[in-house]
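The structure under discussion appears below in the form of structure tokens.
The values are calculated or read from the model by the stated rules, or taken from the named source; none is laboratory data. From a predicted model like this one, the values you see are computed outputs, not experimental measurements. Note that each Cβ is placed from the backbone with ideal geometry, even for glycine, and that neighbours are counted across all protein chains shown.
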């Protein structure tokens, strides 16, 4: 019994394995970008700082259950509890009152950020219907990239029997670089499937 307890304690104290993309960034991408950009200081190499995943749930105005479903889905997809976003002002035409929950978001950093990015690139995007690649120009001028998914069920961890309502999401990948070109090169190194220039949309 004592041995089993000791083994369990060692399992709990063992450090979590490094996410695949985090190790890939450290061992492969940093040297490649350093050579391509001509930089010797590894701190000057572009890196992903955070990923923000958000859902706008306008239908929650009339049915609060929709907000519960959205936050539950976000929790399963990201492994982190979402923050609810409230309406800032009232709009009578939409029956919207200030302070009502109209969305949810999660900010991912470090290991969870890399794990989410890995699942997005290798599992979710290939499941998008008629996927022809991401827009390589959807940067904001500050090196941050945004993309939208119209259907949350592209993430295989969600049970389609539980989440029957179609719900989209926005994903923003924030980079340490202020250059769109450098950030695009960084995301390409991770395997982000950008559409080729001149390809049909």
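What the table below lists for this structure:
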read-out: Candidates 12, 4, 36 - the one that is at pLDDT below 90, assigned to a helix (DSSP H, G or I) and under 27 Å from residue 180 (Cβ atoms); value: 36
read-out: Unmet criterion (only one of (1) more than 20 Å from residue 119 (Cβ to Cβ); (2) free of Cβ contacts under 8 Å to residues at least 60 places away in the same chain; (3) surrounded by 18 or more Cβ atoms within 10 Å (Cβ to Cβ)) for residue 154; value: (1)
read-out: Odd one out for residue 46 among (1) modelled with pLDDT of 85 or more; (2) over 21 Å from residue 170 (Cβ atoms); (3) not in a loop (DSSP other than H, G, I, E, B); value: (3)
read-out: Selection from segment 15-33 of residues that are out of contact with any helix residue (DSSP H, G or I) (no Cβ under 8 Å at 6 or more places or on another chain), modelled with pLDDT under 90 and either closer than 13 Å to residue 110 by Cα or surrounded by 12 or more Cβ atoms within 10 Å (Cβ to Cβ) (or both); value: 17
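Listed here are the residues, each with its yes/no results for (1) over 18 Å from the mean Cα position of the chain (by Cα); (2) farther than 30 Å from residue 65 by Cα; (3) at pLDDT below 90; (4) surrounded by 13 or more Cβ atoms within 10 Å (Cβ to Cβ).
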| position | (1), (2), (3), (4) |
| --- | --- |
| 163 | yes, no, yes, yes |
| 170 | no, no, no, yes |
| 180 | yes, yes, no, yes |
| 187 | no, yes, no, yes |
| 193 | no, yes, no, yes |
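So that you can scan it fast, the table gives a plain yes or no per residue for (1) in contact with a strand residue (DSSP E or B) (Cβ under 8 Å, 6 or more places away or on another chain); (2) more than 16 Å from residue 156 (Cβ to Cβ); (3) modelled with pLDDT under 90; (4) loosely packed, with under 12 Cβ neighbours inside 10 Å:
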site: 81; (1), (2), (3), (4): yes, yes, no, yes
site: 103; (1), (2), (3), (4): yes, yes, yes, no
site: 117; (1), (2), (3), (4): yes, no, no, no
site: 123; (1), (2), (3), (4): no, no, no, no
